[in-house]
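What follows draws every value from the coordinates through simple rules; no lab data is involved. Since the model is a prediction, treat every value here as computed from it, not as a measurement. Here the Cβ positions follow ideal geometry from the backbone for every residue, glycine too, while neighbour counts run over all protein chains shown.
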Amino acid sequence: MVAFGAIQAIGGVAAAIFAGDADGIRGRAIWLKFATWILLALEFALAADIVRTAVAPTWDDIWKLAVIAVVRTMLNYFLARDIADFSKLEEKGPDNSAQNRPSDPVLG
């Protein structure tokens, strides 16, 4: 899954460069798609470790499960924060046109 996400991200970067559309917003969108694939792979790894730990639990397996759960939780938190920031950035537009608009002469 990570390899597929990496290929997709490399293709997206190459397409953005050739199209002349390689800006911060496009790069952030590519990163978020790749990060989603990483999180999906971590979900499967966590599920596999839970099944393995349920069958024959050892302290080594429990520690591995705990580490994977912590890493996945941290990645999920930061990805959610990036998605929220990206959504705010998209609302403003690529050139921050919401901030660069001249004031309305009637409203001041």
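Can you give the angle from 0 to 90° between the axis of helix 59-92 and the longest principal axis of the chain, with both taken from C-alpha atoms, to the nearest 10?
Tilt relative to the chain: about 10 degrees.
Using alpha carbons only, how many degrees (0 to 90, rounded to 10) separate the axis of helix 24-55 from the longest principal axis of the chain?
20
State, to one decimal in nm, how far the label point of residue 28 lies from the label point of residue 77, with both points 7 Å from Cα in the Cβ direction.
If labels sit at residue 28 and residue 77, their model points lie 2.1 nm apart.
Could you tell me how many degrees, from 0 to 90 and to the nearest 10, lie between the Cα long axis of helix 2-19 and the main elongation axis, the longest principal axis, of the Cα atoms of the chain?
So the inclination is approximately 20 degrees.
Give, in nm to one decimal, the length gained when the segment between residue 64 and residue 43 is fully stretched (0.36 nm per residue of separation minus the Cα-Cα distance).
Value of the extension gain: 6.2 nm.
Mind checking which aspartates and glutamates have their Cα closer than 19 Å to the Cα of residue 88? Skip sequence neighbours fewer than 8 apart in that chain.
23
Which three semi-axes in whole Å describe the equivalent ellipsoid of the chain, each the square root of 5 times a Cα gyration tensor eigenvalue, listed largest first?
Ellipsoid half-lengths, sorted descending, are 41, 19, 7 Å.
With n ≥ 4 as the cut-off for DSSP H runs, can you work out [θ] at 222 nm for the chain, using -39500 (n - 2.57) per run divided by the number of residues, rounded to the nearest 500?
-28500 deg cm²/dmol, from helical runs alone.
What percent do you get for the relative contact order of region 2-94 when only Cα pairs under 8 Å and 6+ apart count?
Once normalised by length, the contact order is 32 percent.
Using a basic spin-label model with each label point 7 Å from the Cα along Cα→Cβ, how many nm lie between residue 85 and residue 50?
Once both label points are built, they end up 3.0 nm from each other.
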